[in-house]
Amino acid sequence: MPPSLRAPRGTRDLLPDERAAFARLERTALELAARYGYRVMETPLFEQAALFERGIGAVTDVVEKELFRVLPSRGEEREAWALRPEATAGVCRAYIEHGMQTLPQPVRLSLTGPMFRYDRPQAGRYRQFWQWDVEAIGDAGPAIDAELVELGARFYRDAGLTDVEIVLNSIGDPACRPAYLARLVAHYRAHLVRLPELERRRLETNPLRLLDSRDPAMTEVNEGAPRITDHLCAACGEHFAGVRAHLDAMGVAYRLEPGLVRGLDYYTRTAFEFYRRGAEGQQQALGGGGRYDGLVELLGGKPTPGIGFALGLDRVVLALDATGGGRPAEGAPVAVVVGADPADTVGRLRVATGLRDAGLPVRADLSVRKLGRQLEAAVREGAQFAVILGDELATGDVQLRDLDGGSQKPVPLVDLPALLRRKVRS
RNA sequence: GUGGCCUUAGCUCAAUCGGUAGAGCAUCGGAUUGUGGCUCCGAAGGUUGCGGGUUCAAGCCCCGUAGGCCACCCCA
């Protein structure tokens, strides 16, 4: 094995079993998107770095230290590219670029695909990871906020995760957040002596972060801290109440968390995250989203409200594995064509091709092993039937063997496709 | 980006005091010539992540490096 040639740090191969698990989640996501009226689209895997710098915020971690920058190999356009760290910025760029403000609003969009962050890898944290992203652009809410939260929750349920908790908050807007931030900073300044070194630095860079600090020394100081939800302006307060009312009306359970902050600058008002209940560790955020009413304008479009979420498919797969559900077996052929004459690969391939013509997933044993070995291999890959070619071919018959029960009977080759199709259905 | 732990066959792991690398599973072959999951026999599979150093001798000790993981940071 050549250790010098391996998957780059923070990336991994999705081997067939895991790829199948991803495919199932993707099917669930796309089916839900269709059911809720979100149309699937694609954006490039890379964009101008400026899109993310401007949209996400130049001083956020995602841009400052995690942006996966790409140097053009030929420099006639000295563009600075970056692999997309998330989908929202690209979707909004496309909304503006293609004049989607002329479509009936809101425009409901969805996509799945890989995202890239140049982060230090850990379990559940990769440099290339997959998201299902859903965006509704052009609706100020609050009803659509609730619709999206419910959609996200339904995805986890349909995917088979039962212990997912919804955490909800409002982080205000440019009308009320600055005043709140000033209050918050004043509060921490008053308790400066009790703040650990790290938290003092964060006070300068990102005071909202102190609220969800994990440092035990912070618990007491945080208890007395002003809550954003107590300092929302009238419009934001009304909006937040509307979101909760709609969620309540749908019977969607959630936990209010005034400390919930989102890491990207563009978020306003509604913020939510999905967590695995009872799971320890740092990589348990399964997904999150929020409202970004200023983003489209920031990127050069007309003032347009928007809201969306992104769910981490890798983490859902991990969570499904952890909950012990296991992965359903997939890809086993209905039948394997084996033969008494090991050398007769022509006959086996010909019979298999005929069955494939009939739409049946069938493998021909193309080895030259003796019959017993061929049957053994068929059983071990989970095939339902073995089609055995032998002397009966002289009269146009093959042996059809049920590999579970072990029963076996001669069947005219011409009847085989129809017979197998009937058996598969039952 | 910071600190720590780990790395031996495809996988999961052994290897005493530093003494020249093994097992199970998986793979392939065989058990007298048309019938499977079991059993038995056998084969193949390793520059012990990589590169240096110490030593008569290194999987084991030291340094570096890469990767994984854990805690931060942050997020999905």
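None of the figures in this text is laboratory data; all of them are computed from the coordinates on show. Not measured: the values here are computed from a predicted model. Reconstructed Cβ throughout: ideal geometry from the backbone, glycine too, with neighbour counts over all protein chains shown.
Ranked for footprinting exposure by Cβ neighbours inside 10 Å, fewest first, A:PHE155, A:PHE22 give A:PHE22, A:PHE155.
Taking the helices alone, chain A has a mean residue ellipticity at 222 nm of -11000 deg cm²/dmol, built from -39,500 (n - 2.57) per DSSP H run of at least 4 residues and averaged over all its residues. Diffusion coefficient of segment A:100-190 by Stokes-Einstein, Kirkwood radius over Cα pairs, 4 °C, 1.567 mPa s: 76 µm²/s.
Among the lysines, which have Cα under 21 Å from the Cα of A:LYS409 when same-chain residues fewer than 8 positions away are ignored? Within reach: A:LYS370, A:LYS423.
If I stretch the segment between A:ALA322 and A:GLN384 completely, what's the gain in nm (0.36 nm per residue apart, minus their alpha carbon distance), one decimal? Display every interim value, and only then the final one.
Details: separation 62, 0.36 × 62 = 22.32 nm, distance 2.95 nm.
Value of the extension gain: 19.4 nm.
Restricted to Cα atoms, segment A:335-425 shows a radius of gyration and a Dmax of 11.6, 33 angstrom.
The residue list A:PHE272, A:THR395, A:THR162 was ranked by how far each Cα lies along the charge dipole of chain A toward its positive end, using unit charges on Cβ atoms, and A:THR395 comes out on top.
Cut-off 10 angstrom, C-alpha nodes, Gaussian network model of chain A. Which of A:GLY251, A:GLY160, A:GLY372 fluctuates the most? Per the Cα network of chain A with a 10 Å cutoff, A:GLY372 tops the list. Within chain A, the cysteines lacking any other cysteine Cβ closer than 4.7 Å to their own Cβ are A:CYS92, A:CYS236.
Stokes-Einstein diffusion for segment A:28-173 at 25 °C, viscosity 0.890 mPa s, with a Kirkwood radius from C-alpha pairs, works out to 144 µm²/s. Within the listed set A:VAL63, A:VAL334, A:VAL414, the residue fluctuating most in the Gaussian network model of chain A (springs between alpha-carbon atoms under 10 angstrom) is A:VAL414.
For chain A, set up a Gaussian network in which alpha carbons nearer than 10 Å are linked by springs, and say which option among A:ASP365, A:ASP314, A:ASP212 fluctuates the most. With Cα springs under 10 Å in chain A, the top fluctuation among A:ASP365, A:ASP314, A:ASP212 is at A:ASP365. Subtracting the Cα-Cα distance of A:ASP17 and A:LEU181 from 0.36 nm times their residue separation leaves 54.3 nm of extension gain.
When the Cα positions of A:PHE46, A:ALA217, A:GLY331 are compared along the charge dipole of chain A, A:GLY331 comes out farthest toward the positive end, with charges on each C-beta of Lys, Arg, Asp and Glu. The angle between the Cα long axis of helix A:177-190 and the longest principal axis of the Cα atoms of chain A comes to about 70 degrees, rounded to the nearest 10.
For A:ASP248, A:ASP139, which order do you get if you count the other beta carbons within 10 Å of each Cβ and list the fewest first?
A:ASP248, A:ASP139
For chain A, the Stokes-Einstein estimate of translational diffusion at 25 °C and a viscosity of 0.890 mPa s comes to 97 µm²/s, using the Kirkwood hydrodynamic radius over alpha-carbon pairs.
Once the Cα-Cα distance is subtracted from the 0.36 nm per residue extended length, the A:GLU392 to A:GLN408 segment shows a gain of 4.4 nm. Ordered by the count of other Cβ atoms within 10 Å of each Cβ, fewest first, A:SER170, A:SER367 give A:SER367, A:SER170.
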